[in-house]
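Each remark here refers to the structure printed beneath this line.
The values are calculated or read from the model by the stated rules, or taken from the named source; none is laboratory data. Predicted, not measured: the structure shown is a model, and the values here were computed from it. Because the Cβ atoms are built from the backbone with ideal geometry, glycine has one as well, and the counts that use them run over all protein chains shown.
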Amino acid sequence: MPFGEYPYAIDDKGRVVMPPDFRKFVEDGMVLTRGFEGCVYIFPLSEWQRIESAVDELPLNDKAGRDFMRFFYAGAQKIRLDNQSRISVPNTLRSYAALEGDVVVTGAPKRLELWNIDRWNVIIAEVQMQPPKQEELPEVLRKLVG
């Protein structure tokens, strides 16, 4: 599972270097898509295939499922690292996540996240100032921190 946070800069062509610690995680290719809280999620192809299987099970008459597909799936782009270990972030995702200048690439369970540095700092500051209460955490996390 990838972890850590790595500051980088995104160039004017939308390219950002993949941190060395994360390259093996996505060496076979990856899918970028809209993430929650205004970041870009980066899934290795193996994890994206699991997501595709789940999305395929969503019934067409489920509005929440359709909304999720529009947000998450429609914005997806399959990419690979270039020869300089960079990824090219499509314009739509750069715009969605306000990716320009300084960015942060972070590890997360089963994915990476790409953040605008200012948004990242706000998210982390909010969690530090008001950590989740134990009763608000999913059961699996309550066992870890309890």
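Restricting attention to the range 69-94, which residues are more than 25 Å from R23 (Cα to Cα) and either under 14 Å from the mean Cα position of the chain (by Cα) or surrounded by 14 or more Cβ atoms within 10 Å (Cβ to Cβ) (or both)? Scanning the range 69-94 gives M69, F71. Across the range 95-107, a minimum of one residue is classified as surrounded by fewer than 18 Cβ atoms within 10 Å (Cβ to Cβ), at positive phi, touching a residue at least 60 places away in the same chain (Cβ under 8 Å) and assigned to a strand (DSSP E or B). For the range 83-102, how many residues meet the condition of being aliphatic (A, V, I, L, M) and under 11 Å from R15 (Cα atoms)? Here the count works out to 3. The single condition from (1) under 16 Å from G35 (Cα atoms); (2) of a type in the set (S, T, N, Q); (3) modelled with pLDDT under 95 that N91 fails is (3).
Working only within the range 24-53, note down all residues that are more than 13 Å from L81 (Cα to Cα), surrounded by fewer than 16 Cβ atoms within 10 Å (Cβ to Cβ) and basic (K, R). Within the range 24-53, just R50 meets the criteria.
What pairs come up if the first residue lies in the range 10-37 and is in contact (Cβ under 8 Å) with a residue 24 or more places away in the chain and farther than 17 Å from V104 by Cβ, the second is of a type in the set (D, E, K, R) and in a loop (DSSP other than H, G, I, E, B), and their beta carbons are under 7 Å apart, counting only those six or more places apart or on different chains? The qualifying pairs are G29/R80.
Consider only pairs whose beta carbons are under 8 Å apart and that are at least six residues apart or on different chains; among these, list those whose first residue lies in the range 121-146 and is within 27 Å of V105 (Cβ to Cβ) and whose second residue is surrounded by 10 or more Cβ atoms within 10 Å (Cβ to Cβ) and at pLDDT 85 or above. Note: pairs meeting the criteria are I123/E37; I123/W115. Every condition in (1) at pLDDT below 95; (2) over 21 Å from P2 (Cα atoms); (3) assigned to a helix (DSSP H, G or I) is met by P59 except one, and the failing one is (3).
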